[in-house]
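Report on the following structure.
The values are calculated or read from the model by the stated rules, or taken from the named source; none is laboratory data. No experiment lies behind these values; they were computed from the predicted model shown. Cβ atoms come from the backbone with ideal geometry, glycine included; neighbour counts cover every protein chain shown. With ligands, DNA and RNA removed, areas are computed over all heavy atoms of the protein, side chains included. Shrake-Rupley method; radii C 1.70, N 1.55, O 1.52, S 1.80 Å.
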Amino acid sequence: TNKSNKTSYNNKKKNKTTHTWVLPKAESYSKTLGELQIMSGTRVLVERISSDGTWKRQDNPRHWREMEVGDIIDALDTERKWYESEVKAIKPVDKPEQVYIHYIGFDSRWDEWIAIDSDRVAKRGRHSTPRKPRDVSYGKGPPIARGAVGLANLGNTCYMNSIIQCLSSCVPLTDYFLAQTYTQDLNMDGPSKGLLAEAYASVMDTMWSNQHKVFAPSALKTEVGRARKEFQGCKQQDSQELLLILLDRLSSDLNRVRTEKDDDKKNKKDGGDNEEKKAEKQKKPSPASVEDKFKRFWSSFVSRNDSIITDLLTGVERHTIRCISCGCASTRFGTYNYLSVDLPNKWSMFGSATVNLSDCLSTYVQEEVVEDVKCDKCKAKRRKSKGTKLETLPQILIIHLKRFKMGWHSGEKISQYVNFPINGLRVNKLMATKEHKKTAYDLIAVSNHYGGTYGGHYTAYGRNPLNQTWYLFDDSRVRKVKPSEVVTREAYLLFYKRRT
């Protein structure tokens, strides 16, 4: 805690000086002294947390049943054995309230919801032997395989660790950083001034150095917090939102185009969808064909957005609106870095049926009919069909399974099991043309979410490119898994690599 508004007086009898110390607000806990604008020479009171997770100077200590995410307690498993456990999420709306428990030292598949007032939970150390504190910032010795490095949880940062592990499994992207190629593209004109890309590169260097079992990505966490203030503290966040921030800032930090006008920045936000409108304003003739229109769009887009993210993770989609009466159609293009797909409801006489990934992908290109839309050719309001197809495919294809209705922080989570292929995913039915008929993708990583809309826990599966072995990454814990274990109902983000 830092001292401000010092008040002091001299007690002549005891000859003591008393100071008033002010506790900073919670949002400042993750900041450095420099960010708090504490000048050199200022006195700072530092307190170390006790081994039982409490603070010695805490004025009003919480009762251990007044749990918060991150608390360590004792929990009784279904086999009636007590283990030291971590609170990963809380359901405050349920009666009784429930906590999502992770048994420390065990696989996350054993995590479960337990009522707070249950006799299956107890104060830390009452039934279990507390584990000795250990330094998880840099685990000593080499990892179980090069690149199979655990990431320390910096305070509910499992969502970030999950995405880092997934991106680390993207070989072309990781090689780009390990070979220091990124230094040639580093752009200091972007919003992050190149700092986020530098922090990410440092994480990749450490993870693939073959020197550490566990690593703490603190610098990257700081840069992500600077990019979006929601990520500055220790609250649980969505791994998909974190992925969007990383891709956006890496794209800016590594943009090979050094100048960007204000109207270009606006156009970049919507993925370049306004290229055609800009052309119309400049009174340029319309392209003679859809193919010419696409070429003009892509040329204009890469003239402002040319980075490793564009090279590996950016595709183009075609949006078509067609009049059902006369067949007149208009086409525009946009870019994408991932496909966000719905989970269709399928039911059988036995309850919820298995949904295949192909069923989810079909929803992305499913046409819809809109009423009372003016047709320029018919000169009247008509029914029109709207549809989306993929014009080009990226080398790394990310698929987002929309498990959260109305967003991550509210609504309902869909726990539907989705069966997705590990090898040989084909997306030719999504394409606007037949040029990619033989294109196939292989799975390289999965970001998983356990729990509900009030929090939960993130893990990742990643396929090591050196030994082709699958690993489960659960924060600092890493272990081998069989390919058959990768497909679960907790899958949230799927990362596929195009076959060469």
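At a 10 angstrom cut-off on C-beta neighbours, averaged per residue, how do the peptides 458-468, 151-161, 75-85 rank from highest to lowest?
151-161, 458-468, 75-85
Set the Förster radius R0 to 60 Å, insert the Cβ-Cβ distance between K123 and D185 as r into 1/(1 + (r/R0)^6), and round the FRET efficiency to 0.05.
Step by step, r from the Cβ atoms, then E = 0.70.
Give the calculated FRET efficiency between D205 and T469 to the nearest 0.05, with a Förster radius of 22 Å applied to their Cβ-Cβ distance.
Values: r = 22 Å, r/R0 = 0.99.
Efficiency for this residue pair is about 0.50.
Quick check on the stretch 432-500: what are the equivalent-ellipsoid semi-axes from the Cα gyration tensor, as sqrt(5λ), descending, whole Å?
Ellipsoid semi-axes (Å, largest first): 26, 17, 9.
Near the amide H of V481, under 5 Å away, which other amide H atoms are found, from residues 5 or more places off or on another chain, if H is placed in the peptide plane?
Those qualifying (amide H under 5 Å, at least 5 residues apart or on another chain) are W470, Y471, L472.
Go through K88/K123; K193/K295; K386/K437; K384/K413; K405/K438; K193/K389 and tell me which ones have a Cα-Cα distance over 27 Å in this structure. Let's see the in-between values first.
Values: K88/K123 16 Å; K193/K295 31 Å; K386/K437 23 Å; K384/K413 33 Å; K405/K438 34 Å; K193/K389 35 Å.
Among K88/K123; K193/K295; K386/K437; K384/K413; K405/K438; K193/K389, the Cα-Cα distance tops 27 Å for K193/K295; K384/K413; K405/K438; K193/K389.
Tell me, what is the percent relative contact order of the stretch 154-268, built from C-alpha pairs under 8 Å that lie six or more residues apart? Show your work: numbers first, answer last.
Working: 106 pairs, mean separation 45.4, N = 115.
Taking the mean separation of contacting Cα pairs over the length of the stretch 154-268, I get 40 percent.
Kirkwood hydrodynamic radius for the stretch 170-261: how many Å is it when counted over pairs of different Cα atoms?
Taking the inverse mean of 1/r over all distinct Cα pairs, the stretch 170-261 comes out at 13.9 Å.
Taking R0 as 41 Å, what's the FRET efficiency between D359 and R65 from their Cβ-Cβ distance, rounded to 0.05?
Calculated transfer efficiency: 0.40.
Can you tell me the Rg and the Dmax, both Å, for the Cα atoms in the stretch 347-500?
Over the stretch 347-500's Cα set, Rg and Dmax evaluate to 19.1, 64 Å.
Name the long-range amide H neighbours of S340: under 5 Å, sequence gap of 5 or more, or other chain; modelled H, no Pro or chain starts.
H400
How much of the accessible area of the stretch 406-500, probe 1.4 Å, is carbon plus sulfur, in whole percent?
Numbers: 2050 of 4250 Å².
Here it works out to 48 percent.
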